[in-house]
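The values are calculated or read from the model by the stated rules, or taken from the named source; none is laboratory data. Computed from a predicted structure; not experimentally measured. With ideal geometry, Cβ positions are generated from the backbone for all residues, glycine too; neighbour counts draw on all protein chains shown. Each accessible area value is taken on the protein alone, full model and side chains, heavy atoms only, with ligands, DNA and RNA left out. Shrake-Rupley method; radii C 1.70, N 1.55, O 1.52, S 1.80 Å.
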Amino acid sequence: MAGKYDELASQIVDLVGGKENVNSVAHCITRVRFKLKDESKANDDAISALPQVIKVMHANGQYQVVVGNIVEDVYDAVLKAGGFSDGGSVDAEEDDGPKKPADVIIDLISGIFQPMLGTFSAAGIMKGLLALITFIWPDFANNGAYTTLYTVADGMFYFLPVVLGYTAAKKFKMSEFNGMAIAFALVYPTMVALTSGEVVGSVTLPVLGTFSWYADFLGIPIIMPASGYTSSVIPILLMVWFGSKVEKWVKSWIPAALKMFFVPLITVTVTVVLGYLVIGPIATVICNLLADFFNLLFNLPAVGSILGCVIVGAFWMCLVIFGFHWSLVPIAISNLGTLGHDFILGSVIAHSFSLGAVLFAMYLKNKDQNFRGIALPAIISSFFFGVTEPAIYGVALPDKKAFINACIGSAAGGLIIGITGAVVYMSGGLGVFNWLSFIDPSGVNGINHMIFAIIASAVGAVVGFALEFITYKAPEQA
C-alpha cells in the first residue's frame, strides 16, 4: 500500500543523485539529512520546488532537506524509497573527503543527540507538568501517582549516559551493546553510592576545581564528581569514543572464533576501568572549564547575566541555521546535571515567539494566499511547538529584514531573562511547553521564573511584531 509521502520521497532520492550517491540518511526535528558521496549531483532547485519541501541546506558536511513537522513520515518514506536499512545506513564506511573541524564536531554532536531529542523533551515536559501540579497541590508529591509519573519524567534524565552510550556507539561505529554496557557501569548503583560515603582523599587544583575520591583501584584513586556520573554527558561520550578505538583494535588481531565473547569482554573492561581512572577525571576537568567560561560570561560584574542572555538570545537562530546550536546543548545538559539549573537554554525562551510574531505581522499585511498558506502553519509551529525551521527558511530568512527583526525580539526576551535571573530547571519541550521548564521543583522559586519566562516571551513577541509591522511592505498584488 502506497504511503502518503512515497512519491515525494522517491523524487527526493532520485534528485539527490540516486541511492548510489547516498552514504547515509538521518533526520532531526525538521530536516532529512543526507550524507552524499558527491553533493554536486544533487539538484537543489528541483528539490526545493517539490511540494512540502521548504528549503535545501548544505551544512556540516550534510545535504539537508527541510520539510518541517512531517519529517518523520518523509524520513520513513525515504528509507523505503531508497531501500536503506534501519537508521539510514548505506555503506559500512563513509568517505566524505576532508572536512572542517567545526563540521566534524557539529556533525558528531547532532548525530548523537538528535535521535533522542523528542523523547528527552517529552520527559522534560512531564517534569514541568509535575512541578506545576505539586506547586498547586503540594500533597500530590506524597501520592503514588506522583512517584509513578516521576519515573517517566526523571528516568531518561537519570539514565542519560545509557541513551548516549547507544547513540554515540552508532555514531562512532561501535557495537551499540558495548556502548550501553560501558554506560551501565557508569550508573551502576554501587558505584553511584560511593559518592555518598566518606571521602578518602581530595586535591584542589587552581581553575580546574576540587577532585575527591571515595575508593581506589589497586591503590589508584577512583576520582568521581560528588553527584557521580548519572545524568552526565561528556564522560560517556569520551568513553564510548575511546571504546570504539579499543574495539576496532581488538577485532584486528583476535581470532574469529573468539570474537563473539572476547571483543566485548576486553573492550568493555578496558574502557570502564580506564574510564573511571583516567577518562572520567579528564571529562570532569572539561566540564569544569566549560562551566567556568559560561559562569564568567554570565557573572561579569553588573552586566554579566544580562550580556550573556542578550548575546545568546540574539544569535540563537543564527546558530540554528548552521546547526551550531548543538554545540551548546551538551553544556546546557551538563549544567542541569551539576548545577540543577541552566541559564543558556533559559536565555533563548523568546526566540520562537519573536519569530512567530514577526510572521504574524507579515501575515496581516500580506494578502497573497500562497504566502499565507506558507506563513500560517509556520506561525503555529513557532508559537506552540517551538519548531522554527519552517518559519526561518520558508519566510523570515528569504526576507532578511524579517529575520533580523526576529533576532532583535529574541534578544529583547533574553534581556528580560538576564535582568530577572530566570533559569530553566529541566530540559523540557519547546514553545509554550518550554515555560514549564522554568518551574523550580524544589519550591524555592516556585513559578516565579516561569512568570518571568512568559513575560520574556511576550516582550520578544511584541518587539518582533512591532518592528516587522512598521517596516514590512507587502509585495503589490498583480
Considering residues of the range 271-318 that are polar (S, T, N, Q), out of contact with any strand residue (DSSP E or B) (no Cβ under 6 Å at 6 or more places or on another chain) and touching a residue at least 40 places away in the same chain (Cβ under 8 Å) only, the residue least open to solvent (accessible area, probe 1.4 Å)
THR271
Where residues in the range 396-422 are open to solvent by less than 10 Å² (accessible area, probe 1.4 Å) and either of a type in the set (A, V, I, L, M) or not in a helix (DSSP H, G or I) (or both), which of them is modelled with the lowest pLDDT?
ALA396
Does LEU328 satisfy the criteria of being under 15 Å from the mean Cα position of the chain (by Cα), under 20 Å from MET57 (Cα atoms), open to solvent by 10 Å² or more (accessible area, probe 1.4 Å) and free of Cβ contacts under 8 Å to residues at least 40 places away in the same chain?
no
Counting only residues in the range 45-57 that are within 14 Å of TYR393 (Cα to Cα) and surrounded by fewer than 18 Cβ atoms within 10 Å (Cβ to Cβ), the one farthest from the chain's Cα centre (by Cα) is identified as ALA49
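Somewhere in the range 356-368, is a residue acidic (Asp, Glu), farther than 29 Å from THR230 by Cβ and open to solvent by 30 Å² or more (accessible area, probe 1.4 Å)? Lay out the reasoning, then the answer.
Going through the range 356-368, the residues acidic (Asp, Glu) turn out to be 368.
In the following step, the residues that additionally are farther than 29 Å from THR230 by Cβ were identified as 368.
Checking which are open to solvent by 30 Å² or more (accessible area, probe 1.4 Å) leaves us with 368.
There is at least one residue in the range 356-368 that is acidic (Asp, Glu), farther than 29 Å from THR230 by Cβ and open to solvent by 30 Å² or more (accessible area, probe 1.4 Å).
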Between residues in the range 201-228 that are in contact (Cβ under 8 Å) with a residue 40 or more places away in the chain and closer than 14 Å to GLY280 by Cα and residues that are part of a strand (DSSP E or B) and open to solvent by 80 Å² or more (accessible area, probe 1.4 Å), which pairs lie under 9 Å by C-beta distance while being six or more apart or on different chains?
PHE211/THR204; ILE222/ASP216
Taking LEU164, is it touching a residue at least 24 places away in the same chain (Cβ under 8 Å), within 30 Å of VAL25 (Cβ to Cβ) and open to solvent by 30 Å² or more (accessible area, probe 1.4 Å)?
no
Just to verify a result, which residue in the range 175-204, among those that are modelled with pLDDT under 95 and touching a Gly at 6+ places or on another chain (Cβ under 6 Å), is farthest from ALA26 (Cα to Cα)?
THR195
Within the range 267-284, does at least one residue satisfy the condition of being more than 25 Å from SER175 (Cα to Cα) and part of a helix (DSSP H, G or I)?
yes
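Please work out which residue is nearest to ILE333 (Cα to Cα), limiting yourself to the range 374-395 and to residues that are open to solvent by less than 40 Å² (accessible area, probe 1.4 Å) and of a type in the set (A, V, I, L, M, F, W, C).
VAL387
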Members of the range 135-162 that are part of a helix (DSSP H, G or I) and of a type in the set (Phe, Trp, Tyr)
PHE135, PHE140, TYR146, TYR150, PHE157, TYR158
For the range 429-460 the number of residues that are touching a helix residue (DSSP H, G or I) at 6+ places or on another chain (Cβ under 9 Å) and open to solvent by 10 Å² or more (accessible area, probe 1.4 Å) is 20
Scan the range 218-226 and give yes if some residue there is under 29 Å from the mean Cα position of the chain (by Cα), open to solvent by 40 Å² or more (accessible area, probe 1.4 Å) and farther than 24 Å from PHE293 by Cα, otherwise no.
no
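For every residue, the table says whether it meets (1) within 23 Å of TYR425 (Cβ to Cβ); (2) at pLDDT 80 or above; (3) assigned to a helix (DSSP H, G or I).
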residue	(1), (2), (3)
ASN335	yes, yes, yes
GLY340	yes, yes, no
ILE349	yes, yes, no
VAL358	no, yes, yes
GLY373	no, yes, yes
Qualifying residue in the range 15-33 (condition: of a type in the set (Ser, Thr, Tyr), surrounded by 18 or more Cβ atoms within 10 Å (Cβ to Cβ) and modelled with pLDDT under 90):
yes
Go through (1) in contact with a Cys (Cβ under 7 Å, 6 or more places away or on another chain); (2) at pLDDT 75 or above one by one and return the number of the condition VAL53 breaks.
(1)
Return the residues of the range 326-380 that are closer than 30 Å to VAL233 by Cβ and of a type in the set (S, T, N, Q); say none if nothing qualifies.
SER327, SER334, ASN335, THR338, SER347, SER352, SER354
